[in-house]
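What follows is a short report on a single structure.
Just so you know, all these numbers are worked out from the coordinates, no wet-lab data involved. The shown structure was predicted, so the numbers you read here are calculated from the model rather than taken from an experiment. Because the Cβ atoms are built from the backbone with ideal geometry, glycine has one as well, and the counts that use them run over all protein chains shown.
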Amino acid sequence: MSKPEKVFKSTTDQLQLLQRRGLVIDDPMFAEEALIRTSYYEIINGYKDLFIDANAEEESFQAGTTFSEIYYLYEMDNTLRFAMLSATLSAENLLRSVIAYVLAEEHGHSVKDYQNNRNFRQGKKITHGRSKGKYERELLLQIFSEVYHSTHQPMTYYRETYRDMPPWILVKGLSFGNLQYLFKLMLPESKMKVIARATGMSSELIDDRFKQSFSEMFDILVAFRNWAARGGRVYNHRVRKRLSHSPAHARFSVTHSAYQKHGRGRDDILSFIVALSYLRDREIADRFIRLVTSEIYDYVISFPRHEDMLLSQMNIPITLYQGWLHHSK
C-alpha cells in the first residue's frame, strides 16, 4: 500500500500538526522562527525518533514532550558535527604532513623518484567501476597525475615554476579518502615510519595488532568525516567501519565485555574519540571530548529527564561522562 502524497504545509500548519500529535509547543514564537530558519524536515524528521510513543497506533509524541527538547537536541548535534569536522581536519593535516615527510625521506622529493611503481604495493585488482581491471597502484598513480595537472594552487605554481611537485605539495591535493588510499599502498617499512611518526610511538613497540588498529583508526576518521560533511546526524550515528577493541579503549573505561555486548567504541562517536587518541597530538582528542562533555551537560541541565536516553544513544557510559565532566571543571 502506497503512502499518502506529501503536500506543502505552511509553518502554521506544521505547528498545528505537531500539536495534534501531542507535541507541546512551549514557545510558539520561537518554534515558528526555528522552522522558518531551519525547516521542519531538519528538526522534526531528523530528531523526533527518541520522543515518539512506541505504543501508539498512529505516530504521536510521548506525553509532555516539548518542541524545545527536540530543537535543542538538533542544535547539540549540529555543534557536534562542526566539532567533528574540525577534529578530522586537524587529524588530516597531521597525517598529510607525516605521510609527505616519509615519502620524501624514503624516496626523494621529485615526482620521477617518489612516484615510481616500486615505492608502492600493487594492491588488489579492481573489479568494478571506471577503474575495473586495473590494480590499485595504477589507480593511485592516476590520482597523483590528476593532482599534478590540477588547476588549483599551489599545485599549478609548482608545476609551472619548477616542473615538479614535492610530496608535501602533492598531498594538499588529495582528499582524506585518497590520503588513506596512499597510506594503504605504501610499502611495509614506509607504513611503519608513518605510524611511528603519527602516533609518537617507538617503532620497536609497534606490533601487527597496533598496525591493524592504526589502519582501522584511519577508516573510522574518514567514515565519520564523510558522514559529517554530508550533514548527517552524528551524535548517535554508527558508521559501517569497525574499530577493533585495543588497549586504547582502556583509556576510556571500555572493557572487552562492554565492547562485545554494547558495541562501545566500535563504530559510534566513542570510536571516533578513541581513533583520535591514537594521534601524537593529544589535544585533538581532548578538545573534542571537552566539546562533547559541554554539549551533553548543557542539554541535560535543560532537560534532565533525558540524560540516560542521551548517553545511551551516544553509547557513552555514564561513568565515563561523569569523569569527563569532573575533569572539565
Placing one identical point scatterer on every Cα of region 121-203 and ignoring solvent, what is log10 I(q)/I(0) from the Debye formula at q = 0.21 Å⁻¹?
-1.03
Where the Cα pairs of region 1-92 fall when distances are cut into 10 Å bins, in %:
14, 43, 27, 12, 4
Sorted largest first, extent of the chain alpha carbons per principal axis (Å)
69, 44, 40
Computed over region 148-269, the distribution of all Cα-Cα distances in 5 Å bins, rounded to whole %, is 2, 10, 15, 16, 16, 16, 11, 7, 4, 2, 1, 0
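If you place +1 on the Cβ of every Lys and Arg and -1 on the Cβ of every Asp and Glu, how big does the dipole about the Cα centre of region 1-110 come out, in debye to the nearest 20? Each step should come with its number before you reach the end.
Values: 9 positive and 18 negative charges, 49 e Å.
Taking the Cα centre of region 1-110 as origin, the dipole is about 240 debye.
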Amide H within-cut-off set for residue 24, under 5 Å, with H built and near neighbours excluded
65, 66, 67
Residue 125-residue 229 FRET efficiency (beta carbon distance; Förster radius 25 Å; 0.05 resolution):
0.25
Describe numerically, in nm with one decimal, the distance between label points set 7 Å from Cα along Cα→Cβ at residue 33 and at residue 202.
6.0
Please state the Cα pair-distance histogram of region 34-76 with 5 angstrom bins from zero: what percent is in each bin?
5, 23, 33, 22, 13, 4, 1
For region 216-329: Kirkwood Rh in Å [reciprocal of mean 1/r, alpha carbons]:
14.4
Computed over region 48-176, the convex hull of the Cα set has an average projected area, in nm², of 13.3
If the only charges are +1 at each Lys and Arg Cβ and -1 at each Asp and Glu Cβ, what is the size of the charge dipole of region 103-159 around the Cα centre, to the nearest 20 debye?
380
Chain lengthening between residue 160 and residue 145 when straightened (0.36 nm per residue, less Cα-Cα)
3.9 nm
Relative contact order (percent, whole number), the chain, Cα cutoff 8 Å, 6+ residue spacing:
15
How large is the dipole of region 109-239 about the Cα centre if only Lys and Arg carry +1 and Asp and Glu carry -1, each at its Cβ, rounded to the nearest 20 debye?
440
Please report the Cα spread of region 252-297 along all three principal axes, rounded to whole Å, starting with the longest.
29, 28, 16
If I take the Cα coordinates of region 79-127 and project them onto the principal axes, what are the three extents in Å, biggest first?
44, 33, 13
Under a plain spin-label model, where a point goes 7 Å from the Cα along Cα-to-Cβ, how far apart in nm are residue 6 and residue 132?
3.3
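List, in the order given, every pair from 125/241; 6/261; 48/172 whose Cα-Cα distance in the structure shown is over 31 Å. Don't skip to the end; give the middle numbers.
On the way: 125/241 22 Å; 6/261 40 Å; 48/172 40 Å.
Violating the 31 Å Cα-Cα cut-off are 6/261; 48/172.
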